[in-house]
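We did not get these values from a lab; they are worked out from the coordinates using the rules stated. Predicted, not measured: the structure shown is a model, and the values here were computed from it. For neighbour counting, all protein chains shown are included, and Cβ atoms are generated from backbone atoms with ideal geometry for every residue, glycine included.
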Amino acid sequence: MAKPKFMHFLGCIIPHRYPSVQKAAELVFEDLDMELLDMEGATCCPAPGVFGSFDRVTWASIAARNVTLAEDAKANITTGCNGCFASLWDADHELKHDEELRTAVNEALAEIGREFKGTIEVTHYVDALYNVAGLEKIRKRVTRPLTGVRMALHPGCHWMRPKLIKKKDDSERPHIFRELCEASGAEYVPYKDELICCGAGGAVRTADVKTALDFTKQKFDSLLAAGGADIIVTPCPFCELQLDLGQVEIQKHFGEEHKYNFDVLHVVELLALAFGHEPEEFGLATHLQYMQRKNEPNWERLGIKT
Amino acid sequence: MIKRTGGPNIQACYQCGTCSGSCPAGARTNYLVRGIIRKALLGLKDDVISGPELWFCTTCYTCTDRCPQDVKPTDVIKAIRNVAVAEGYMLEPHQKVALKVLEAGHAVPLEKESWEKLREKVGLKPVPPNASSHPEAIEDIKKIAKKTGFDKLVAEKEKTEE
């Protein structure tokens, strides 16, 4: 069987702020015999809640330009960001079903000699890992199970919502992201506010960071009330930024005494560790929380270095 | 406009409040989804588009997934925001982000050398294969924004603030 190939849509946060996620994705996809192709000249997705809130046609046109790069390469897109996924998937879906929007977008794309044709699919890493590689293959590849590591999840919003349109998972009781993370061998820890938004989306972090952090704080407090966890795993770098750097920002905005100490991992970083890669191979310690606090991940708690 | 892009079912709203009850933004701010939808249905356009609380929705879509009438409140809110922006109600930080996309091709650009160093630290090339290394991609974005009139929308706002 031919090796599955994907156009790798990086977005903004992964390549520019959390490059460890890009590196970990490259390692994990290679380990699972899936090829990631560079998407030369891709731009911002652009952010669905931000740009989509400003002007729908401009948002859809810029997103469609990115989709046409993959149409040229005749390969489906995969991305590790819930926001990029939502932008590209929603635009692709709406353009395939809304003639009026498609006409407006193709008029804009004609200015740059492009046309949306609707010939490819947009996927998230979670789809590529769960549906294309499959749990069985992933479990077989695990050489360093994270046994005993207590793992809380933050699935985020835009991979699975709105559920009637995306048709990915039951957004009230999701199981796909959990099964994927559990393949690492870590132990799933439930908490009440697992499914609420991290607070960053929809242009809220941009407009009012303190309000955005208040969501995050509620999640952390809910997790501590449930007994805490060793790590928090998410499929989105914007959620990761909010949960990781957000711990430093919460202290700044709410007072030093609000000190949380969670190591926050993207799902591909979790799998890279479980596949036996050393954290230095993808730079786990470069997360902005550690850079700002001048500390390191809690290696002992992660069971990596004791 | 709101009906077309936001959700054709808005008139089916019977004000049950499931949206606001599910809303994590409404739990901590004066943002009230149910109220905004009611006002939109009553035609109180200026009231709806000028309120800063319109921008507290994180677009988490929990209300959309729970609405018993399939009103799609999140898409309604986004459609109302489009009207607000078209009429000149755009918050300054949002305008800055929009300009970044037009100028750098990314809402969060590579910007500083320290970010290139961070990339090298994890074993990647200093500049990724996106618009950060493709100036022609940024030109494409500018042409698209010119065609849709978005460039003017952002620029006009800049002028009125000066």
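A few notes on this one:
- Gyration tensor verdict on region A:1-106 (Cα atoms; rounded if a/c is under 1.5, prolate if a/b is larger than b/c, oblate otherwise): oblate
- Per DSSP, loop trypsin sites (Lys or Arg not before Pro) in region B:13-82 with at most 13 further Cβ within 10 Å: none
- Under the simplified labelling scheme, the residue A:188-residue B:86 pair shows an inter-label distance of 4.4 nm, with each label point 7 Å from Cα along Cα→Cβ.
- Qualifying trypsin sites (Lys or Arg not before Pro) in region A:269-306, DSSP loop, other Cβ atoms within 10 Å at most 13: A:294, A:305
- Shape call, region A:65-112: gyration tensor on alpha carbons, a/c limit 1.5: oblate
- Each of residue A:210 and residue B:113 was given a label point 7 Å from its Cα along the Cα-to-Cβ line. The distance between the two points is 3.6 nm.
- Sum of side-chain charges, residue A:113 neighbourhood, beta-carbon under 14 Å (Lys, Arg +1; Asp, Glu -1): -3
- Size of electric dipole in the protein assembly as shown: Cβ of Lys, Arg +1 and of Asp, Glu -1, about Cα centre, debye, nearest 20: 740 debye
- Cross-link partners for residue A:137 among the aspartates and glutamates, with Cα-Cα distance under 12 Å and sequence neighbours closer than 8 places in the same chain left out: A:31, A:33.
- Taking Lys and Arg as +1 and Asp and Glu as -1, the other residues whose beta-carbon sits under 11 Å from that of residue A:138 total 0.
- Unit charges on C-beta of K, R, D, E only; dipole of region B:2-86, Debye: 80 debye
- Net +/- balance of residues flanking residue A:225 in space, Cβ distance below 10 Å, scoring K and R +1, D and E -1: -1
- Positive-end residue, chain A charge dipole about Cα centroid, Cβ charges, pick of A:44, A:189, A:8: A:189
- Cα-Cα P(r), the protein assembly as shown, percent of pairs per 20 Å interval: 25, 60, 15, 0
- Selection from B:130, B:89, B:68 lying farthest towards where the dipole of region B:52-130 points positive, charges on Cβ: B:130
- Ordered by the count of other Cβ atoms within 10 Å of each Cβ, fewest first, A:268, A:57 give A:57, A:268.
- Helix-only CD estimate at 222 nm, as mean residue ellipticity for chain B, using -39500 (n - 2.57) per DSSP H run (n ≥ 4): -16000 deg cm²/dmol
- Sorted by Cβ neighbour density within 10 Å, fewest at the top, the residues A:8, B:94: B:94, A:8
- Among the listed pairs A:96/B:152; A:210/A:259; A:167/B:78; A:23/A:74, those with a Cα-Cα distance over 18 Å are A:96/B:152; A:167/B:78; A:23/A:74.
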